[in-house]
1. State the extension gain, in nm to one decimal, for the chain segment bounded by Arg90 and Lys20, taking 0.36 nm per residue of separation less the distance between their alpha-carbons.
2. Using only the alpha-carbon atoms of the stretch 3-81 as identical scatterers, what base-10 log of I(q)/I(0) does the Debye formula give at q = 0.11 Å⁻¹?
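We did not get these values from a lab; they are worked out from the coordinates using the rules stated. Only a predicted model underlies this, so the values are computations on that prediction, with no experimental measurement involved.
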Amino acid sequence: MTSKGAEKMQNDTIGVDVSKDHLDAHRLADGASRRFANDKCGHRAFMKWFAQTPVQRVVFEPTGPYHRAFERALGAAGVPFVKVNPRQARRFARGDRQAGQDRSPGCGDAGAHGRNVRA
């Protein structure tokens with residue numbers, strides 16, 4: 001992916017930190033951040049906020065039972081989302097190029113992209 005492609009992907013994304021009580025959302029395009037309750041009312045408020053900008057996807061880490069209702073709400077609203085493996089996200093943030101790669105010969109970087117990610 002070219003740096004221009006990576007920049008476009010980042011600008012079209014909302015990252016969400018999911019916890020038991022809250023959804024902490026950050027929109028990369030303009031740097032806006034909001035906190036929503038992790039309940040039906042908060043999910044509806046998130047969808048309204050999401051619809052205000054031309055964002056392409058929502059990215060979050062699965063958090064056991066706490067992300068499931070949010071995931072269902074995104075799916076019901078037709079919002080594209082990606083669940084990111086927490087370990088791989090931490091390794092990526094650290095800059096660990098080997099994070100999640102297949103160790104079998106001939107795989108190159110393919111093992112680091114797309115595995116454990118649901119689109």
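1. Details: separation 70, 0.36 × 70 = 25.20 nm, distance 2.02 nm.
Gain in length upon complete extension: 23.2 nm.
2. So the normalised log intensities are -0.25.
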